[in-house]
């Protein structure tokens, strides 16, 4: 059995490998070649927090995965504490094949990879300006993924934390050598952007439909439970194309959930990322279209990234602790 630490896992997988397996996981989910059980959510009150338990199996893999991710709000008012692990289990005998002590890294990586997949599928080929709402770890993963699939030249970033947004802007300029603009509000960041990415745990809408230019692509990754919301429902109502990672899950806990409740979107208008990957439905057809991707995070993404880690570890020089 493999037991791998976060540092070891970081040596085994990168964003490009992650995007490839996540893309194929979406295809498998669409084709019925994956099993996706419902999410278990476990709230805490002292301190305030939430655990998500997600699972998935890609039928071509000889392992399946259970992922536990936690978000805890410290009593001292500090930044949210993220943690997690993945248990990888053999299909043949139910034995534990691997324990991935990633501290939430693989969740961040596969979420960024999913963002890269939908940006590649839906953003205009000439998109050069990206607006990012939020300045935490996921903002970095999303930007890195976008840079792999589009010729990004300028980054606008906004956050409630002046300290975090300034640190992120500095990192954009030093790490990626891109122009970074710190914006005082989501509206300032969003207006005129080619790609808009929201990466916050907000429970109130941050992006409004009237701020969006024709031709923009929007990816929202923060809404993974019913109380969370980053987009005004009219953003989805205005969109020419709405894509979700899983229709049932997004209808319960994503941006789609709020738009359905508001009565401004019908499920029949919504496609899945897997349909787009498999070319079962067409993506962007005109430059001026507005596209929206609502990513709630599905267990087949975790199954895909965990199976990748186990494969890479098995064929690499990483020495497991036991």
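The values are calculated or read from the model by the stated rules, or taken from the named source; none is laboratory data. All of these numbers come straight from a predicted model, not from anything done at the bench. For neighbour counting, all protein chains shown are included, and Cβ atoms are generated from backbone atoms with ideal geometry for every residue, glycine included.
Against the test of being under 30 Å from residue 313 (Cα atoms), surrounded by 15 or more Cβ atoms within 10 Å (Cβ to Cβ), assigned by TED's automatic domain parsing to the domain that holds residue 197 and touching a helix residue (DSSP H, G or I) at 6+ places or on another chain (Cβ under 8 Å), the options 147, 143 yield a single qualifying residue, 143.
Within the stretch 36-57, being closer than 16 Å to residue 201 by Cβ and surrounded by fewer than 16 Cβ atoms within 10 Å (Cβ to Cβ) holds for 41, 43, 44, 47, 48.
Residues in the stretch 205-223 that are closer than 19 Å to residue 119 by Cα and buried (at least 22 other Cβ atoms within 10 Å of the Cβ): 207, 212, 216, 217, 218, 219, 220, 221, 222, 223. Applying the criterion of being under 12 Å from residue 272 (Cα atoms) and in a loop (DSSP other than H, G, I, E, B) to the residues of the stretch 242-258, the residue that is nearest to the chain's Cα centre (by Cα) is 245.
With the stretch 127-212 as the region, which helices (runs of 4 or more DSSP H) entirely inside it contain at least 2 residues that are more than 24 Å from residue 110 (Cα to Cα) and at pLDDT 95 or above?
Working: elements: 137-149, 162-175, 186-190.
Passing ranges, in order: 162-175, 186-190.
Yes/no matrix, rows are residues, columns are (1) in contact with a helix residue (DSSP H, G or I) (Cβ under 6 Å, 6 or more places away or on another chain); (2) under 29 Å from residue 70 (Cβ atoms); (3) not assigned by TED's automatic domain parsing to the domain that holds residue 119:
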residue	(1), (2), (3)
218	no, yes, no
226	yes, yes, no
243	yes, yes, no
252	no, yes, no
269	no, no, no
273	yes, yes, no
279	no, no, no
286	no, no, no
306	no, yes, yes
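For (1) in contact with a helix residue (DSSP H, G or I) (Cβ under 7 Å, 6 or more places away or on another chain); (2) more than 18 Å from residue 4 (Cβ to Cβ), each residue gets a yes or a no:
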| site | (1), (2) |
| --- | --- |
| 47 | no, yes |
| 57 | yes, yes |
| 83 | no, no |
| 105 | yes, no |
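Within the stretch 79-123, the set of residues being buried (at least 19 other Cβ atoms within 10 Å of the Cβ), at negative phi and in a loop (DSSP other than H, G, I, E, B) comprises 102, 123.
Inside the stretch 153-171, residues that are within 17 Å of residue 195 (Cα to Cα) and surrounded by fewer than 21 Cβ atoms within 10 Å (Cβ to Cβ) make up a count of 2. Inside the stretch 14-35, residues that are surrounded by fewer than 22 Cβ atoms within 10 Å (Cβ to Cβ) and either out of contact with any helix residue (DSSP H, G or I) (no Cβ under 9 Å at 6 or more places or on another chain) or not in a helix (DSSP H, G or I) (or both) make up a count of 4.
Taking the conditions (1) in a strand (DSSP E or B); (2) without any contact (Cβ under 8 Å) to a residue 24 or more places away in the chain; (3) more than 17 Å from residue 295 (Cα to Cα) in turn, residue 7 satisfies each one other than (1).
Look at residue 61 and say whether it is under 17 Å from the mean Cα position of the chain (by Cα), under 18 Å from residue 106 (Cβ atoms) and surrounded by 12 or more Cβ atoms within 10 Å (Cβ to Cβ). Judged against the criteria, residue 61 is not a match.
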